[in-house]
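Novice: Questions regarding the structure given below will be posed in turn.
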Number of protein chains: 2
Amino acid sequence: MSDRVQSEADIIDRYLRPLAAGFPGAFSLTDDCAAISVPAGDELVLSVDAVAAGVHFFADDDPADIAWKALAVNVSDLAAKGATPLAYLMSLAFPDAPRHSWLEGFRRGLQDAQDQFGISLAGGDTDRRPGPLSITITAMGTTTAGRNLLRSDAHAGDVLFVSGTLGEGALGLKLRQAPALAGTWGLSQDRAASLVAAYLRPQPRLALGPALRRFASASMDISDGLAKDLQRLCRASSVGTAVAVGALPLSPAAASVVRADPTAWATILAGGDDYEILAAVPSTLAPDFRAQAAGAGVKVTEIGSLDDGADVLFAGPDGTRLPLIQTGWDHFGGP
Amino acid sequence: MSDRVQSEADIIDRYLRPLAAGFPGAFSLTDDCAAISVPAGDELVLSVDAVAAGVHFFADDDPADIAWKALAVNVSDLAAKGATPLAYLMSLAFPDAPRHSWLEGFRRGLQDAQDQFGISLAGGDTDRRPGPLSITITAMGTTTAGRNLLRSDAHAGDVLFVSGTLGEGALGLKLRQAPALAGTWGLSQDRAASLVAAYLRPQPRLALGPALRRFASASMDISDGLAKDLQRLCRASSVGTAVAVGALPLSPAAASVVRADPTAWATILAGGDDYEILAAVPSTLAPDFRAQAAGAGVKVTEIGSLDDGADVLFAGPDGTRLPLIQTGWDHFGGP
């Protein structure tokens, strides 16, 4: 017997249906549609993101990691809006009939991510077409009706916070592409592995949701890198800011990289693949935000404050303005 | 100036944002997430389908037709569930930066479809990757909470109905691939054109929604062809049926094709690309269903009834059982 699946039903019956077992509106994936009930007083928050082999992950990555990341990048958008994950739809495009062993790893990675994020598969679509393996997920969560945490509602005077630490995903990608960099950067094996793990298995900041809903005026995740996403938030809100990179939170691994190679700041600021949250919080509420985040086990760091200017500046460790030529990922090459 | 777009922002600002103008929860496509409110007493019905160049459409098709079809195939799933369209999310993957002229056609086709189906763009994702142009749409509609029209709730004794006429899309595709078939099939230019139009611009049967919600026990669209989708409905509901192909509704164009070439029945039954609705209706309600459908301007035809057997049979025009070797489209080659 071939190790490759023989039909679409094979994929659904053996690998996808178990992922939908916890969600009644999935109808056990026996129908063309899913049904979602939204509790009274809540509204649905939705995000769609596609990941493709060779663009967002490597084709030979562990399928469990591919699955985890495909779901995590979407759930990160929900987390940034303070939403509670509910269900997702997944559209899979395979260039060839996949192997059973690959699908089993993929299923396991999704199940792990579902369990951690509190979300279930509700439906989807599977087909075969030329091109890279691609996974398009529409993730849905609930939030209080009318409590939309947009990027456009920040105000001059708000304090800027980021969650966690920055740049590990982007540095991890560089290490995946060129493992010898670990030597150049003077990284121990453990630290190098921690950066690669951050790239492969991003952790959406769901625990920050209640603090965001209660205190933030605007928030977004910084999956395209702090430089670009901070610009987006400031432009959308018609505010400016100046951020001292010395104030940015780095992990011990990332800190030792920039000590060895200061040009790595560009990767940290603009490399993307950060699934931390950027939030603007009114200054009077900042202490409460910080306290509630700490209570939820999420480290948040004040990185600056918003002004009524139009510039978004980064000052280097020596206080001079950083020339940010590369300002983040754009698939079509523009700003 | 190049005719190709220079950035993702170019695509969003000029071509996608106008499509979201009517939907407040799209936040003018300035955010990473969309918000959807579901009226009390309703629930959300969701369907996701991807279409890709070279698989579901031709790369050189008119972009307005590509856009129409990408949205129509999803809205057809909502129509089959009796849902009222509300909003959709769209994930676009371009192999190269698209031309402005292409995007303008694509936008126009989506706007036409939105206007006709009563649906708005709420959000999405645009990227560039190798492989065919692909468009993944998650369409959402509302229906009465708990009124799920599944394929698994049909019963022995129910009358089977199909809407409209069958096989035009599949015959239209054959004509696109081999225009000389129009001669073989003895088709006038007008009739050949009507078949190609059915392939390019399917019409979801939204007007049938109220009659389905009121009377049907099960329903689905037959986008993979009547043969396969009838099997699916019967298997999911543990019922059987025998359908006489002589009773199937055909347009004048399709009827003249099968007169010229009886083997075209296989295309009509199993070619797919039919966006008609297959519904099972309790026999006592069948006259009311037919009357309400007629009142809504949708022709429905009784094509058989369900029994408690396990077989799904098609009898040819001469009454003998049709050998349906090809039972519909499967991307991975199986049943």
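Novice: For the range B:54-82, how many residues are at pLDDT below 95 and among the aliphatic types (A, V, I, L, M)?
Specialist: 2
Novice: Now, a different point. Suppose the filter is surrounded by fewer than 24 Cβ atoms within 10 Å (Cβ to Cβ), within 19 Å of the chain's Cα centre (by Cα) and outside the structural domain of B:TYR275 (by TED's automatic domain parsing); does B:THR138 pass it? Reasoning before the result, please.
Specialist: Numbers: surrounded by fewer than 24 Cβ atoms within 10 Å (Cβ to Cβ): no; within 19 Å of the chain's Cα centre (by Cα): yes; outside the structural domain of B:TYR275 (by TED's automatic domain parsing): yes.
No.
Novice: Still on this structure, please answer the following. Output the residue which, of all residues in the range B:208-234 that are surrounded by fewer than 22 Cβ atoms within 10 Å (Cβ to Cβ) and of a type in the set (S, T, N, Q), is farthest from the chain's Cα centre (by Cα).
Specialist: The residue in question is B:SER217.
Novice: Looking at A:ASP60, A:ASP65, can you tell me which residue is within 15 Å of the chain's Cα centre (by Cα), surrounded by fewer than 24 Cβ atoms within 10 Å (Cβ to Cβ), more than 10 Å from chain B (Cβ to nearest Cβ) and over 22 Å from B:GLY25 (Cα atoms)?
Specialist: A:ASP65
Novice: Can you pull out the residues in the range B:1-20 that are part of a loop (DSSP other than H, G, I, E, B), surrounded by fewer than 20 Cβ atoms within 10 Å (Cβ to Cβ) and in contact (Cβ under 8 Å) with a residue 40 or more places away in the chain?
Specialist: B:ASP3, B:GLN6
Novice: Under the condition of being part of a helix (DSSP H, G or I) and touching a residue at least 12 places away in the same chain (Cβ under 8 Å), which residue from the range B:236-255 is surrounded by the most Cβ atoms within 10 Å (Cβ to Cβ)?
Specialist: Result: B:ALA254.
Novice: Another question, if that's okay. Take the conditions of a type in the set (D, E, K, R), closer than 22 Å to A:LEU206 by Cβ, outside any loop (DSSP other than H, G, I, E, B) and more than 7 Å from chain B (Cβ to nearest Cβ) and apply them to A:ASP49. Does it pass?
Specialist: In short, no.
Novice: Working only within the range B:21-46, note down all residues that are farther than 18 Å from A:ASN148 by Cα, within 7 Å of chain A (Cβ to nearest Cβ) and in a strand (DSSP E or B).
Specialist: B:GLU43, B:LEU44, B:VAL45, B:LEU46
Novice: Now, a different point. Kindly provide the set of residues from the range A:119-142 that are at the interface with chain B (Cβ under 7 Å from one of its Cβ atoms) and assigned to a loop (DSSP other than H, G, I, E, B), ordered by number.
Specialist: A:ARG129, A:PRO130, A:GLY131, A:PRO132, listed by residue number.
Novice: Is it the case that some residue within the range A:106-118 is in a loop (DSSP other than H, G, I, E, B) and not aliphatic (A, V, I, L, M)? Full working, then the answer.
Specialist: Quick first cut of the range A:106-118, residues in a loop (DSSP other than H, G, I, E, B) only: A:118.
Then drop every residue that is not not aliphatic (A, V, I, L, M), which leaves A:118.
Yes, that holds for at least one residue.
Novice: Those residues that are under 16 Å from the mean Cα position of the chain (by Cα) and either within 21 Å of A:PHE57 (Cβ to Cβ) or of a type in the set (Lys, Arg) (or both), I need them from the range A:188-207; list them, please. So that I can check it myself, show each step before the final result.
Specialist: Going through the range A:188-207, the residues under 16 Å from the mean Cα position of the chain (by Cα) turn out to be A:195-207.
The answer is A:LEU195, A:VAL196, A:ALA197, A:ALA198, A:TYR199, A:LEU200, A:ARG201, A:PRO202, A:GLN203, A:PRO204, A:ARG205.
Novice: Return the only residue of A:ALA154, A:ALA145 being in contact (Cβ under 8 Å) with a residue 12 or more places away in the chain, farther than 21 Å from A:VAL48 by Cα and within 14 Å of another protein chain (Cβ to nearest Cβ).
Specialist: When all the criteria are applied, what remains is A:ALA154.
Novice: Return the residue satisfying two criteria in turn: it lies in the range A:157-172 and is touching a Gly at 6+ places or on another chain (Cβ under 8 Å), of a type in the set (A, V, I, L, M, F, W, C) and not in a strand (DSSP E or B), and of such residues it is nearest to the other protein chains (Cβ to nearest Cβ).
Specialist: A:ALA170
The values are calculated or read from the model by the stated rules, or taken from the named source; none is laboratory data. Everything numeric here is computed off the predicted structure, so don't read it as measured data. A quick note on method: Cβ atoms are made from the backbone with ideal geometry, for glycine too, and the neighbour counts reach across all protein chains shown.
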